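These notes are about the structure you will find just below.
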Amino acid sequence: MKTKLIMSAAAMALASATASFAADDSADPIIIPIHNWSSQIVMSHAVGQIFESMGNNVEFVTTDSQAVYESVRLGDVTLELEVWEGAFGQSFRTALEKGGLHDAGDHNAVTREDWWYPMWTKDACPGLPSWEALNDCAALFATAETGDKGRYLDGPVDWLKHGKERVEALGMDFVVVNAGSAAALWAEIAAAEADKRPVVVFNWTPNFAEAVWPGEFVEFPAWEDGCDTDPSKGPNPDALYDCGNPADGYLKKAAWDGMKDKWPNAYDVLTKISFTNAQIAEMARLVDIEEMEPEEAAEEWLSANEDVWKGWLPEGAS
Amino acid sequence: MAEIATNSRPEDGTRQGAGIRALLEEPSVARGVFWSLLGVAALLTVLRPWLPDGLVRIPEALLMPWRDWIDAAFDFVAFDLGLIHVTRFLSGILEFVLDAVANILYGRARWPRFEALPWTVVASVAAITGYALGGWRLSLLAGGTFVWAAVIGQWKWTMETMSVILVAAPLGFTIGLLIGIWCWKSKRVEETVKPLLLVLQVLPFFSYLLPAVIFFKVGPTAATVATVAYSLPPMILMTTLGLKKVSPEVVEAGKMAGCSRWQMLRYVYLPSARTEILVGLNQVIMLCLAMVVLTAAIGMPGLGAKLLEAMGSFKLGRSFEIGITIVLLAVVLDRLSKAWVVKQPEHFEKGTPWWKRNIFPIMGVAAFVILYLVARGVAEMDPMPFDEVSFPSWLVGIMDEVHRKESLSQGREFDASIKAFLSLDWVNAITYAIRYVVNVYFLIPTEKALLYLPTPAVIFVITAIAYRIGGVIPGILALIFFSIVAQLGYWDRAMLTLHSVFMATFIALLLGVPMAIYSVRKEKRAKFMILLCDTFQTFPSYVYLLPAVMLFGISPVTVIISILIYTMVPVIRYTVEGLRNVPPELTEAADMSGATRWQKLTKVQLPLALPTMAVGLNQALVFAFFMVIIAEFIGTRDLGQEMRRTLAGTNLGWNFVLGFSVVFMALTFDIAINAWAEKRRKLLGLD
């Protein structure tokens, strides 16, 4: 209660200072979608609080992270702060083609999504992180159902990874099993942690799991442009997907087309917003390790990093 | 009853058609057709290696472009005909109501712009309401639930959830009651509504997602619409059922008393059908709370969203605590609403003072005002930073809001103990053994066998079974529906879905029926069993999915277990109901003729309970079809997994093709089992 009062007092003071700039923003709330992973939630709250400090009204709505693009397109939701190239690229592009939303710029952060293992795996298979060494240890990763082949636990199918194709293209002794959700992946890692069983699973960065379970990505033949469309790229001349995923995928922001006219100041800030990997990891850490509420974590992060976000505000605002 | 109706319908085919039907229902002919269908299926299976590919699976070239057609139809109805403007207008009204409730409960910045209620106010008003309606036990339950929500640090989320439930549940109840009455009035309405309801119930949740978001705007509105759509079917069915059962004597008495049509309905029919309507209400509340987590994907605020968030960062303990809150809310709302309906009007002696007549409303208002002023007034007076607050003002502050650090949440400790439990060697050994044996020797071989079968063989077997148990019409429908599933083009995935559904239902019968039989011997045990059913029905399935994954890995057995927990509920519930409702004269007759307990059970009780148990089996199948899609959360390879893929890139047409594959399979079984139960009931003279 009290911290909230102080915050809102601070917000009010800021608001009066920036009133002249925020004057032409609509008083309707800016609707920010939140999904079910911590960095996105904290980032959304942090940006929401920045908007509030400019005198805007902000509301949050929980949504599915794929279906959200349809809502942004229709204007029911104003923006989206984390568009991951690998997982949401397709939904984003489809909505882009239909019209109604647009690209509002990239974050500084790069994303990497690929095969990954927790550190204890390396004890059993010391040749890691090379993928050939991994393949030689395939039997270590066998489960009750896979016989003597290893099991690779891929991400949910709607993230559109190509684990199966890669296993075939590189002739690996692995069976690909898709987990249905991020949570199911964590459950498998946690279960493996109990008896330090070797596992190789899909994982990505930036992500809270890095702090809980230290680990590494498997090094596959480096990504070349066209590896997913041109068989001649990559080591296997006859197959697609014979490379690792790009190690520097984009992390974008998306905005509803109408945002620019309705909330010009907020829109201007949105295009400038850019978080780095370290900042995103820190936001996730505040919630996942420090057990803060996302709102508190956002406040905490904003007050510790004023130099980062003050620069995004309209000139003369602070 | 439905049987009579179909027979007497004049447009029901020519005399010739009726003749063929009668012939096909002749026992000897039925047996012949049944066995020859099975024979053809067996032959096809044996000959499979030599069959042309076109007979094993429908060739791609013959599949219709259903996806494009559905997409085109959707765009036409939604945008060209302008349905979206109608639904958006409705959701505008709904939004206004939701916003007002949200403002009162948790201070959302909307009309009427009050401040959020302190938790002490809500908890004490709930306790007083509980006392007024059902005595101290209910008071403790109602008040205790809200105290729990506050001290565990979930207050705001609970109020966010409640703000939607308090709109959705009454809405579902009212709409369900009205449609139920309408169905009872008009046979034709009933015949149109019933299959529609079933489609609503079995259409996978992933198919609701996109239309709900497009038509009703992501947020509490879409969540409310989806929740109401799910909770309607049992309410409608139970209302109609109850009204049909009103005894003619009561109706005569009403007519003699000169009741108008409205009075007949209000004072004769509805009160007489109270039991069934209450069951409907119970189901509305249970289903509303069961939807709390799923609808988080389309904007349901509160506990569900927080639960998914906790699971996303693997906080088992926290998600478990949230699950408990959801169950408690379900139980409280259910008991309060039941007590309210059952309560008889109180009569006071002449001359009782006004305050005594209205003691409970007065207490409620007084508690509200006093606690509100204490919590709010004092909190506003002293804006000290939190750390420096003195004890009395801390106490007052806590009456207003319990902060995260003060809450009694044991999330971390819970996580640690789960992990410790899982690292025990014997636990690992047991779960590994179960996983190995069940997967390798049971689930994987049966799955492979089902996939090996040629498509027509499967269709024939299912047609044969539907015909044998349900009769001619269910048989023909089975043939048509499964042919449609084959034509929709996802046969292998459909078979994997069917496999999980069958296995989970089979194991549910194996475990559930004996448990139910055991529990009905004592009334207390039976009651406990029903409470357990309520709990498992509302406890968010997501919460136990994760421990299940940790125990059994991402494998078929985990999927079956997660479905099983859901399918056991109706099996047990309806078996208990069926056994309890066996007329006591009959069991006494059995006792007198010297039957052993086993004879009494197998010769008297079970046969009489069988039609009711069939309804349970049917419900179990419907639930299994529902859960098998949710189990995608663990990782499956069936229709659910493919549906997930359609969400990336919002492929509405594709999504519906998959959704309808599920619907047609579920409809087939529903129709066959219901027809069987109906026949059986008539045979036993139970209707």
For the condition at pLDDT 95 or above and in contact with a helix residue (DSSP H, G or I) (Cβ under 7 Å, 6 or more places away or on another chain), what is the one hit in B:Ala123, B:Ala168? B:Ala168
For B:Phe481: the one exception among (1) at pLDDT below 95; (2) surrounded by 19 or more Cβ atoms within 10 Å (Cβ to Cβ); (3) in contact with a Ser or Thr (Cβ under 6 Å, 6 or more places away or on another chain): (1)
Tell me yes or no: at least one residue of segment B:146-165 is without any contact (Cβ under 8 Å) to a residue 24 or more places away in the chain, surrounded by fewer than 24 Cβ atoms within 10 Å (Cβ to Cβ) and more than 14 Å from chain A (Cβ to nearest Cβ). no
Helices (runs of 4 or more DSSP H) contained entirely in segment B:17-92, each with at least 1 residues that are at pLDDT 90 or above: B:27-46, B:66-75
Of everything in segment A:147-160, what is more than 7 Å from chain B (Cβ to nearest Cβ) and assigned to a loop (DSSP other than H, G, I, E, B)? Give them in sequence order. A:Gly147, A:Asp148, A:Lys149, A:Gly155
Criterion first (closer than 11 Å to A:Met43 by Cβ and either of a type in the set (Val, Ile, Thr) or more than 14 Å from chain B (Cβ to nearest Cβ) (or both)) does A:Trp301 satisfy it? yes
Matching residues in segment A:126-136 - criterion: being surrounded by 19 or more Cβ atoms within 10 Å (Cβ to Cβ) and either at the interface with another protein chain (Cβ under 10 Å from one of its Cβ atoms) or in contact with a helix residue (DSSP H, G or I) (Cβ under 7 Å, 6 or more places away or on another chain) (or both): A:Leu128
Looking at (1) over 17 Å from A:Trp256 (Cα atoms); (2) surrounded by fewer than 24 Cβ atoms within 10 Å (Cβ to Cβ), which is the only condition A:Val58 fails? (1)
Just to be sure I understand, how many residues within segment A:261-309 are under 13 Å from A:Pro206 (Cβ atoms) and outside any helix (DSSP H, G or I)? 2
Does at least one position in segment B:328-345 carry a residue that is within 14 Å of chain A (Cβ to nearest Cβ), out of contact with any strand residue (DSSP E or B) (no Cβ under 9 Å at 6 or more places or on another chain) and at pLDDT 90 or above? no
Do we find a residue being over 22 Å from the mean Cα position of the chain (by Cα), at pLDDT 90 or above and farther than 18 Å from B:Val293 by Cβ anywhere in segment B:226-241? no
So which residues in segment B:341-377 are assigned to a loop (DSSP other than H, G, I, E, B) and free of Cβ contacts under 8 Å to residues at least 60 places away in the same chain, if there are any at all? B:Gln344, B:Pro345, B:Glu346, B:His347, B:Phe348, B:Glu349, B:Lys350, B:Gly351, B:Thr352, B:Pro353, B:Asn358
Subset of segment B:186-228, residues hydrophobic (A, V, I, L, M, F, W, C) and assigned to a loop (DSSP other than H, G, I, E, B), comes to B:Leu203, B:Val218
Selection within segment A:55-70 - within 7 Å of chain B (Cβ to nearest Cβ), out of contact with any Pro (no Cβ under 7 Å at 6 or more places or on another chain) and without any contact (Cβ under 8 Å) to a residue 40 or more places away in the chain: A:Asp64, A:Ala67, A:Glu70
Count - residues of segment B:523-551 that are touching a helix residue (DSSP H, G or I) at 6+ places or on another chain (Cβ under 7 Å), more than 9 Å from chain A (Cβ to nearest Cβ) and assigned to a helix (DSSP H, G or I): 13
Which listed residue, of B:Val246, B:Val293, is among the β-branched types (Val, Ile, Thr), within 30 Å of B:Ile630 (Cβ to Cβ) and touching a helix residue (DSSP H, G or I) at 6+ places or on another chain (Cβ under 6 Å): B:Val293
Could you list all residues from segment A:77-107 that are at pLDDT 90 or above, within 11 Å of chain B (Cβ to nearest Cβ) and closer than 17 Å to A:Lys161 by Cβ? A:Phe92, A:Arg93
For the list (1) within 14 Å of chain A (Cβ to nearest Cβ); (2) assigned to a helix (DSSP H, G or I); (3) not hydroxyl-bearing (Ser, Thr, Tyr), I need the number of the one condition that B:Leu289 fails. (1)
Quick test of your reading of the structure: B:Val663 fulfils all but one of (1) within 29 Å of A:Thr94 (Cβ to Cβ); (2) away from chain A (no Cβ under 14 Å); (3) in contact with a Pro (Cβ under 9 Å, 6 or more places away or on another chain); (4) surrounded by 24 or more Cβ atoms within 10 Å (Cβ to Cβ). Name the failing condition by number. (4)
Restricting segment A:297-318 to residues that are touching a Leu at 6+ places or on another chain (Cβ under 8 Å) and at pLDDT 90 or above, the one nearest to B:Ala305 (Cα to Cα) turns out to be A:Ala297
Are there helices (runs of 4 or more DSSP H) fully within segment B:582-653 with at least 1 residues that are in contact (Cβ under 8 Å) with a residue 24 or more places away in the chain and β-branched (Val, Ile, Thr)? List them. B:606-630, B:639-647
What helices (runs of 4 or more DSSP H) completely inside segment B:392-494 contain at least 1 residues that are touching a residue at least 60 places away in the same chain (Cβ under 8 Å) and within 14 Å of chain A (Cβ to nearest Cβ)? B:411-422, B:425-436, B:444-452
Select, from B:Gln605, B:Gln641, the only residue that is within 14 Å of chain A (Cβ to nearest Cβ) and of a type outside the set (A, V, I, L, M). B:Gln641
Within segment B:516-537, does at least one residue satisfy the condition of being among the hydroxyl-bearing types (Ser, Thr, Tyr), in contact with a Lys or Arg (Cβ under 9 Å, 6 or more places away or on another chain) and under 27 Å from B:Ile418 (Cα atoms)? no
Go through the residues of segment A:216-233 one by one and say whether even a single one is small (Gly, Ala, Ser), crowded, with 21+ Cβ neighbours inside 10 Å and more than 19 Å from B:Gln641 (Cα to Cα). no
Give me the residue from segment B:196-221 that is over 22 Å from B:Phe625 (Cα atoms) and facing chain A (nearest Cβ under 9 Å) and, out of that set, surrounded by the most Cβ atoms within 10 Å (Cβ to Cβ). B:Pro220
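The values are calculated or read from the model by the stated rules, or taken from the named source; none is laboratory data. As the structure is a prediction and not an experimental result, all values here were calculated from the model. We place every Cβ from the backbone using ideal geometry, glycine too, and count neighbours over all the protein chains shown.
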